[in-house]
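**Q** So that we are looking at the same thing, I have put the structure below in structure tokens.
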Amino acid sequence: MKSPNVISKLRCRRCDYHIALLLLYSILIKEMEPEIIIIGIICVAICAMPFILSNNSRKKRERLMLESIKQLAIKHNCKITQHEFCGRYTIGIDEVNNFLFFHWNNPQETKQQVVDLSSIVSCNFKKTISSHQTIERLELELTARDKTSPNTVLMFYDTNLGYLPSGELNSVEKWKKLICLRLAQTK
């Protein structure tokens, strides 16, 4: 732990730094013409606008996708206790009732999947690599306990949809671990 003298010296240095910035700022403002200040503010606002709009659009899309899986969960008498957004999908889980909810959204289709994890025996991660050594698909395959039932495939990423992966690989690995943990607890 630092001594009180050292801490007070650090605080003084920070204060000196802030005072110097304020003085520099006030000198620049006094010497600048008001028209230049207004033009500068307008330019900053115009440059920031695409980022603000993009962020608002992403948040709106995430809110709609989360609302979609929440409504899906309500239909199955469940409540989402953990969820994640990434790329074109939202995934959520009800850890009390052991249900998994998946919402995939792309321009051609919207797909929702509900999986009762008590009817699943294993979870496998599938990563398809192209001949150019790039990721083509990322999927989780949930193997049904009943051999006559088909396996459930949750597609997290598909290169044919024309976008680059951004966090899907980490997300798939995280959800595989989480699902395997849930499956181990229900055995």
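The values are calculated or read from the model by the stated rules, or taken from the named source; none is laboratory data. Small disclaimer: the values here were computed from a predicted structure and weren't measured. Here Cβ is always computed from backbone atoms with ideal geometry, including for glycine, and neighbour counts include all displayed protein chains.
**Q** Can you tell me which residue within segment 105-156, out of those that are of a type in the set (Gly, Ala, Ser) and in a loop (DSSP other than H, G, I, E, B), is farthest from the chain's Cα centre (by Cα)? Give the derivation first.
**A** Taking segment 105-156 first, the residues of a type in the set (Gly, Ala, Ser) are 118-119, 122, 130-131, 144, 149.
Pick out the ones that are also in a loop (DSSP other than H, G, I, E, B) and you get 130-131, 149.
Values: Ser130: 26, Ser131: 29, Ser149: 32 Å.
So the residue we want is Ser149.
**Q** In addition: Name the single residue, out of those in segment 63-102 being out of contact with any helix residue (DSSP H, G or I) (no Cβ under 8 Å at 6 or more places or on another chain), exposed (fewer than 14 other Cβ atoms within 10 Å of the Cβ) and not basic (Lys, Arg), that is nearest to Thr186 (Cα to Cα).
**A** Val96
**Q** A further question on this structure: Limited to segment 78-104, what total is found for residues that are in a loop (DSSP other than H, G, I, E, B) and either in contact (Cβ under 8 Å) with a residue 24 or more places away in the chain or not polar (S, T, N, Q) (or both)?
**A** 8
**Q** For residues that are in a helix (DSSP H, G or I) and among the charged types (D, E, K, R), scanning just segment 157-187, find the one that is farthest from Asn106 (Cα to Cα).
**A** It comes out as Arg182.
**Q** A further question on this structure: So, in segment 164-179, of the ones that are closer than 12 Å to Ile135 by Cβ and surrounded by fewer than 13 Cβ atoms within 10 Å (Cβ to Cβ), which residue ends up modelled with the highest pLDDT?
**A** For segment 164-179, the residue satisfying everything is Ser166.
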